[in-house]
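Colleague: Here it is, the structure, as structure tokens.
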Amino acid sequence: MHRFTRWTDQRVEDIIGNLLRTGVIFSAVVVFTGAVVYLARHGQAPVDYRSFRGEPSDLRHISGIVRDALAFQGRGIIQLGLLLLIATPVARVAFSIFGFAFEGDRMYAGFTLIVLMILLYSLLGSSFA
Amino acid sequence: MNIVEFTALVWAGSVIAGLLGSLTGLGGGVVLVPLLTLFFKVDIRYAVGASLVSVIATSSGAAAAYVKEGFSNIRIGMFLEIATTIGALLGAFLATRVSGSVIATIFGLVLLYSAYLAGRPRVRHAFDDIPDPLATHLKMNGSFPEAKGMRHYCVHRVPAGFSLMFGAGALSGLLGIGSGAVKVLAMDQAMRIPFKVSTTTSNFMIGVTAAASAGVYLNRGYIDPGLAMPVMLGVLAGSLVGTRILVKAETKWLRLVFSAIILLLGGQMLYNGLAGRI
């Protein structure tokens, strides 16, 4: 296969396509696992989403979410799955930087780096703003 | 209502939203937030957070299929994502500053405008082969497969498209929707990119745009796992089924029904927002 011997747009897009699909499937499986645990334990409790209280701080940050998920809490596992889902497009952007760099396109590697910085700021830095 | 019943009902509603969203190409987010706020009485901030998560799921799922067809242009998408992600970040920060009623009012207006866009016959601009200096410098011109072979196109009016994309990102971050309609408008109408390239590239961009505001939402406690779980799983299932039956469905009739639903929901959101009930 000739087109797989070099880094071309098509090859980069093929890899990105697989990355996105894997990310979505994997996060859906994690969310579903968390759902089973959550519903089995808290399914009979009443629902209240009428007023906004905001999530407890452990479900707002990566370290807290991982800790809750490892403690096998349903809501923590679901939140971990959602975090993986949010990370999927971020991983796609990060991979694109390498793709453009291997193609020798420094201008677009730079543009993509800007997008990645914005995404990382949102995920990691926005809580301090 | 207990959590099991609530989860099952929200899941079923999300399947329908995802199905309609993918069949009409308008996305599930525009019906999800009204559904959750008006019928399930969920606070609009939780609804917007859950909707945004589902937008990432459908965009990434659909983009995986589209990129392989060779229609989407990753350079156009990546360049414009600078505008959409900055817009999304600002939109999400704005969402944490204003009241739920303001968000509901803007949501209502956007729904009414979307219904108008969806009901209107589409005017397609002819794309051409005359290069634009800025677009050429940015290496945006491309080609896409057609029945007769590869067809070349040139991109125009990059600054106008970039500004519109900033607006699309801000709306996405404020309202938790993909705002694919505005993205397609920017590429198809302003930049004169072929329609098929515009829609697939837009889909590709929606996930990255939504991820930019999702981080802010997560840190501010807007993403509730108990609510986002049935929404994400439901919309994903609905949109997967939708793309499978897309070929057989009568889309013109469906778009008409969908714009009628959006019109109704838009009026409801606007009324409740202005009356301060949301």
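Colleague: Identify the residues of region A:16-51 with backbone N under 19 Å of a label point that sits 7 angstrom from the Cα of B:Arg244 along the Cα-to-Cβ direction, or state none.
Modeller: Those under the cut-off are A:21-22, A:24-26, A:28-29.
Colleague: Which angle between 0 and 90 degrees, to the nearest 10, do you get for helix A:106-120 versus the longest principal axis of chain A when only C-alpha atoms count?
Modeller: Its long axis makes an angle of about 10 degrees.
Colleague: Please report, in cubic angstrom per residue, the volume enclosed by the convex hull of the alpha-carbon atoms of region A:21-72.
Modeller: On the way: hull volume 5.9 nm³, N = 52.
Taking only Cα atoms, region A:21-72 has a hull volume of 114 Å³ per residue.
Colleague: Tabulate in residue order the Karplus-calculated ³J(HN,Hα) for region A:16-29, using 6.51 cos²θ - 1.76 cosθ + 1.60 with θ = phi - 60°, rounded to whole Hz; enter x for Gly and Pro.
Modeller: Each residue's phi maps through the Karplus curve to give 4, x, 5, 4, 5, 5, 4, x, 5, 4, 4, 5, 4, 5 Hz.
Colleague: Something else about it: List the residues, sorted by chain then number, that are 5 or more residues from B:Val42 or on another chain and whose placed amide H is less than 5 Å from its amide H.
Modeller: Here B:Thr37 satisfy the definition.
Colleague: At 20 °C and 1.002 mPa s, grab the translational diffusion coefficient of region B:1-58 from Stokes-Einstein with a Kirkwood Rh over Cα pairs, rounded to a whole number in µm² per second.
Modeller: Translational D for this selection: 188 µm²/s.
Colleague: Could I ask something else about it? Once the mean 1/r over all distinct Cα pairs of region B:161-278 is inverted, what Kirkwood radius in angstroms do you read off? Numbers along the way, then the final one.
Modeller: Working: mean 1/r = 0.0605 Å⁻¹.
This gives a value of 16.5 Å.
Colleague: Please get the size of the charge dipole for the protein assembly as shown, origin at its Cα centre, with Cβ charges of +1 on Lys and Arg and -1 on Asp and Glu, quoted in debye to the nearest 20.
Modeller: Working: 33 positive and 20 negative charges, 75 e Å.
It comes to approximately 360 debye.
Colleague: Shifting gears a bit: What nm distance separates the two modelled labels at A:Glu103 and A:Phe32, each placed 7 Å from Cα along Cα→Cβ?
Modeller: 3.5 nm
Colleague: In whole angstrom, and with the biggest value first, how far do the Cα coordinates of region A:1-110 range along each principal axis?
Modeller: Sorted from largest, the Cα extents of region A:1-110 read 59, 28, 26 Å.
Colleague: While we're on this one: Taking H placed 1.01 Å from N in the peptide plane, check which residues at least 5 places from B:Arg151 or on another chain put their amide H under 5 Å from its amide H.
Modeller: Amide H to amide H, under 5 Å and 5 or more residues apart or across chains, B:Arg151 pairs with B:Phe144, B:Glu146.
Colleague: Mind jotting down the three principal axis lengths of the protein assembly as shown based on Cα atoms? Whole angstrom, largest first.
Modeller: 62, 45, 42 Å, listed from the longest principal axis down.
Colleague: At most 16 other C-beta atoms within 10 Å and a DSSP loop state: those are the exposed GluC sites (Glu not before Pro) I care about. Give me the longest piece of chain B that has none.
Modeller: B:70-249
Colleague: To the nearest 10 degrees, how steep is helix B:251-274 against the longest Cα principal axis of chain B, on a 0 to 90 scale?
Modeller: 50 degrees
Colleague: Put a dot 7 Å past each Cα toward the Cβ at A:Ala45 and A:Phe95; how far apart are the dots in nm?
Modeller: Computed distance between label sites A:Phe95 and A:Ala45 equals 3.7 nm.
Colleague: Just the accessible area for B:Thr96, please: 1.4 Å probe, Å², rounded to the nearest 10?
Modeller: Ignoring ligands and nucleic acids, B:Thr96 comes out at about 40 Å².
Colleague: Then there is this: Output ³J(HN,Hα) for region A:73-90: one whole-Hz value per residue in order, computed from phi by the Karplus curve 6.51 cos²θ - 1.76 cosθ + 1.60 with θ = phi - 60°, and x for Gly and Pro.
Modeller: In residue order, the calculated couplings are 8, x, 5, x, 5, 4, 5, 5, x, 5, 5, 4, 5, 5, 6, 4, x, 5 Hz.
Colleague: Positive end of the dipole of chain A, charges at C-beta (+1 Lys, Arg; -1 Asp, Glu), about the Cα centre: which of A:Ser57, A:Gln44, A:Ala69 has its Cα farthest in that direction?
Modeller: Checked the options; the winner is A:Gln44.
Colleague: Using the Karplus curve 6.51 cos²θ - 1.76 cosθ + 1.60 with θ = phi - 60°, work out ³J(HN,Hα) for each residue of region B:186-201 in order, rounded to whole Hz, and write x for Gly and Pro.
Modeller: 4, 7, 6, 7, 7, 8, 6, 8, x, 3, 5, 5, 4, 5, 6, 5
Colleague: Assuming 0.36 nm per residue, please report the length gained on full extension of the stretch B:Ala12 to B:Ala237 beyond their Cα-Cα distance.
Modeller: Details: separation 225, 0.36 × 225 = 81.00 nm, distance 1.00 nm.
In short, 80.0 nm is gained.
Colleague: Stokes-Einstein diffusion coefficient for chain B at 25 °C in a medium of 0.890 mPa s, Rh from the Kirkwood formula over Cα pairs: what value in µm²/s?
Modeller: 131 µm²/s
Colleague: Give the angle, between 0 and 90 degrees and rounded to the nearest 10, that separates the Cα long axis of helix B:74-97 from the longest principal axis of the Cα atoms of chain B.
Modeller: Roughly 30 degrees, rounded to the nearest 10.
The values are calculated or read from the model by the stated rules, or taken from the named source; none is laboratory data. Keep in mind it's a predicted model, so treat the numbers as computed, not measured. Positions of Cβ are backbone-derived with ideal geometry, glycine not excepted, and every protein chain shown enters the neighbour counts. Accessible surface is based on the protein model in full, side chains and every heavy atom, while ligands, DNA and RNA are left aside. Shrake-Rupley method; radii C 1.70, N 1.55, O 1.52, S 1.80 Å.
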